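The values are calculated or read from the model by the stated rules, or taken from the named source; none is laboratory data. Everything quoted here is computed from the prediction, not taken from an experiment. With ideal geometry, Cβ positions are generated from the backbone for all residues, glycine too; neighbour counts draw on all protein chains shown. Just the protein is used for accessible areas: all its heavy atoms, side chains included, with ligands, DNA and RNA removed. Shrake-Rupley method; radii C 1.70, N 1.55, O 1.52, S 1.80 Å.
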Amino acid sequence: MSPLSGKNILLGVTGGIAAYKSAEVVRLLSAANASVRVVMTRSAKSFVGPLTFQALTGYPVYSDLLDVDEEAAMGHIQLARWADCLAVAPATADFIAKMRAGLADDLLSTLCLAAEVPILIAPAMNRAMWSNPATLENIRVLAERGIHQLGPATGLQACGENGYGRMIEADAIYQAIQSLLSRKGSLQGLSVLVSAGPTREPIDPVRYISNRSSGKMGYELARAASEAGARVSLVSGPVSLPKPNLDAIVEVQTAAEMYSAVMERARTSDIYIGAAAVADYAPIDADIQKIKKNDPSLMLSLERTPDILASVAAMNPGPFTVGFAAETESLENNAKKKLESKNLDMIVANQVGGREGGFESDQNALTVLWKDGQVRFELAPKKQLAHKLVELIAERLQYSRNPRNE
Ligand code: PMT
């Protein structure tokens with residue numbers, strides 16, 4: 001049986017040339033036995049006729065907020081409650097801005113506000129509109145609110161230009177909806193908070209203290225937790241990795257910002273994984289102006305940053321807390337000390353500063369320790385290690401909740 005069988009999917013279509021691809025999304029979803037209802041904005045109808053969607057779904061297309069017949073068939077709040085997920089494809093720059101602002105001046109934007117189910121958007125627009133800071137800021141805010149973003153893809157656009165902004169293909173949208181609605185696995189029903197990447201501590205407006213973390217390990221862990229069925233929030237320092245499809249992504253720069261973002265979410269999480277390489281010290285007062293190189297040497301006064309991991313581990317009740325230890329020597333001993341001093345449920349030690357694994361590399365080797373056990377995962381791709389680690393976390397969490405099961 002298809003995992004979409006019996007699922008109710010609301011597909012919003014906004015006014016872009018990619019609207020023709022949405023018909024294929026509907027066809028794929030219907031073929032997988034999902035029940036699909038389509039909501040079109042007024043401008044979407046200039047690109048594809050509602051009859052196309054009506055023929056594919058077997059139901060009239062919804063488009064007016066104040067239409068007596070449409071409201072009598074299924075009122076807009078009822079429609080929002082009926083759906084298991086709401087996908088907007090294509091989502092134009094205008095519609096994305098509307099969602100960010102929380103406007104509700106037509107049926108689709110009202111549904112986006114009223115829906116309490118996962119929302120996915122597949123942006124589609126000209127490449128300059130996509131890279132405009134206003135659009136990127138809107139997308140960032142929506143990602144923080146947990147809106148799943150699919151694409152856009154890069155390539156030749158309808159306007160003849162080349163770049164990011166094309167809507168991703170219908171099959172990829174179908175796959176994303178399927179994976180969202182069929183989450184099954186060892187972390188199903190749990191919420192996981194992951195921190196990843198470095199932090200940047202400003203010295204002056206142009207310089208900062210940071211480290212070599214690429215975010216790869218943390219991003220793979222966030223993906224693996226999501227694939228294991230968890231609702232995943234990622235708090236990320238500045239990295240240049242593609243954004244994974246998660247429940248929420250919060251981008252931060254400094255250790256203090258990461259502290260606030262993590263603490264805000266940790267109490268409502270079942271698991272916290274601190275894979276970020278948080279700066280241990282930050283300049284006490286960042287200069288407002290660029291520091292001139294007048295003197296032969298320069299002293300910087302630094303202060304300790306808040307220890308995010310220890311603060312989460314001290315919460316009571318708090319999440320199952322997994323720390324990382326990046327060590328250049330005495331890997332196990334140093335990791336054990338961190339496990340005990342920070343009162344963690346588990347610590348994942350990795351060697352850094354060597355030729356293999358650790359920072360930036362696609363590979364890593366991990367020694368995982370908990371109160372009365374440990375396991376070694378030899379050098380392997382970070383993706384593979386992330387899946388192994390997630391399974392181990394699920395196992396240890398279950399044991400910590402029900403110790404007699406071991
Ligand atoms: O990002 P990649 O390039 O893929 O590299 C992966 C990695 C090497 C960064 C990752 O595997 C890793 O080891 N992350 C933790 C790095 C680190 O800061 O280790 P640490 O031993 O200095 O810190 C111990 C733990 O305390 C970590 O979980 C860290 O997130 C946390 N910490 C540290 C300082 C602080 N102020 N707050 C914290 O929460």
Note on region 249-260: residues open to solvent by 10 Å² or more (accessible area, probe 1.4 Å) and under 22 Å from Asp345 (Cα atoms) are Tyr259, Ser260
How many residues of region 320-342 are under 26 Å from Glu201 (Cβ atoms) and either not aliphatic (A, V, I, L, M) or not assigned by TED's automatic domain parsing to the domain that holds Arg267 (or both)? The answer is 11
**Report entry** Hey, Ile271 surrounded by 20 or more Cβ atoms within 10 Å (Cβ to Cβ), β-branched (Val, Ile, Thr) and at pLDDT 95 or above or not
**Finding:** yes
Taking region 214-248 and keeping residues crowded, with 24+ Cβ neighbours inside 10 Å and of a type in the set (A, V, I, L, M, F, W, C) leaves Met217, Leu221, Ala222, Ala224, Ala225, Ala230, Val232, Leu234, Val235
Scanning region 359-376 for residues that are surrounded by 15 or more Cβ atoms within 10 Å (Cβ to Cβ) and part of a loop (DSSP other than H, G, I, E, B), the one nearest to the ligand (Cβ to nearest atom) turns out to be Phe359
Notebook entry, point to check: What about Phe324, is it assigned to a loop (DSSP other than H, G, I, E, B), near the ligand (Cβ under 8 Å from one of its atoms) and among the hydrophobic types (A, V, I, L, M, F, W, C)?
Noted result: no
Restricting attention to region 193-222, the residues that are within 20 Å of Val250 (Cα to Cα), more than 13 Å from the ligand (Cβ to nearest atom) and of a type in the set (Lys, Arg) number exactly 1
So the strands (runs of 3 or more DSSP E) completely within region 193-258 holding 1 or more residues that are out of contact with any Leu (no Cβ under 8 Å at 6 or more places or on another chain) and either on the phi > 0 side of the Ramachandran plot or free of Cβ contacts under 8 Å to residues at least 40 places away in the same chain (or both) are 207-209
Within region 339-358, restricting to residues that are closer than 27 Å to Asp270 by Cα and open to solvent by 40 Å² or more (accessible area, probe 1.4 Å), the one that is nearest to the ligand (Cβ to nearest atom) is Lys342
Of those in region 377-395 that are touching a helix residue (DSSP H, G or I) at 6+ places or on another chain (Cβ under 7 Å) and not aliphatic (A, V, I, L, M), the residue least open to solvent (accessible area, probe 1.4 Å) is Lys382
Result of the Cβ filter at 9 Å on region 119-130, keeping first residues that are farther than 23 Å from Ala176 by Cα and partners that are assigned to a loop (DSSP other than H, G, I, E, B) and at pLDDT 95 or above, at least 6 apart or interchain, is Met129/Thr92
Counting only strands (runs of 3 or more DSSP E) wholly inside region 72-159, the ones holding at least 1 residues that are closer than 18 Å to Leu29 by Cβ are 85-91, 119-123
Selection from region 275-321 of residues in a loop (DSSP other than H, G, I, E, B), under 21 Å from Arg396 (Cα atoms) and without any contact (Cβ under 8 Å) to a residue 60 or more places away in the chain yields Ala314, Met315, Asn316, Pro317, Gly318
Counted residues in region 11-47 being among the polar types (S, T, N, Q), over 16 Å from Asp94 (Cα atoms) and under 26 Å from the mean Cα position of the chain (by Cα) come to 1
Exception for Arg42 within (1) at pLDDT 95 or above; (2) open to solvent by 50 Å² or more (accessible area, probe 1.4 Å); (3) in contact with a helix residue (DSSP H, G or I) (Cβ under 9 Å, 6 or more places away or on another chain) falls at (3)
Within region 45-74, residues being open to solvent by 60 Å² or more (accessible area, probe 1.4 Å) and in contact (Cβ under 8 Å) with a residue 40 or more places away in the chain number 1
